[in-house]
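Below is one structure, written out as structure tokens; comments come after it.
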């Protein structure tokens, strides 16, 4: 008697969930490059063949987890990009991180993906630069890109510190701090 698609879909969902949770637990103790499929399957209590049905490696599993979070944050930001200011975008990013704190607590630590948070912050690149120019920034494009890079790296560090400190401040406070710090640095580049 054939199984229903719903039952099969549920199994796939549960399998991927167990693998996700196992990977996130293992990343807390070691870098992704040191996690083997065998170790991951043993931790998730899943057969290796089942793992290979869905993923080629632990890195691919991590990439799929990151892509899912990235898409969620991207959609949230894109809703704000149309008319809102950078402060709203920063707040959206911080809220999404807060909402996914279990995942972000792992992804943004030493053993996680160092560039993932930068990838998220860069979603606001064009909007940020346009807002800076409206505020009076008249540097050449290379200078503007260096300033944005400086701002992104500072923002990433603040967000990482917030996560490591247990996210005691709310997302709005962190977004406001980042915006204030960024604009304090930006003032030195604005035309008088």
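The values are calculated or read from the model by the stated rules, or taken from the named source; none is laboratory data. Not measured: the values here are computed from a predicted model. Counting neighbours? That spans all protein chains shown, and the Cβs are built from the backbone with ideal geometry, glycine included.
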Taking segment 49-72 and keeping residues more than 27 Å from residue 96 (Cα to Cα) and either under 10 Å from the mean Cα position of the chain (by Cα) or surrounded by 19 or more Cβ atoms within 10 Å (Cβ to Cβ) (or both) leaves 51
**Asked** Is there a residue being more than 30 Å from residue 25 (Cα to Cα) and over 17 Å from the mean Cα position of the chain (by Cα) anywhere in segment 170-177?
**Response** yes
Here the residues within segment 96-117 that are free of Cβ contacts under 8 Å to residues at least 40 places away in the same chain and under 13 Å from residue 72 (Cβ atoms) are 96, 99, 100
Counting only residues that are within 15 Å of residue 95 (Cβ to Cβ) and assigned to a helix (DSSP H, G or I), segment 165-184 contains a total of 9
TODO: Tell me, please, whether a residue that is touching a helix residue (DSSP H, G or I) at 6+ places or on another chain (Cβ under 8 Å), at pLDDT below 85 and in a helix (DSSP H, G or I) can be found in segment 147-157.
DONE: no
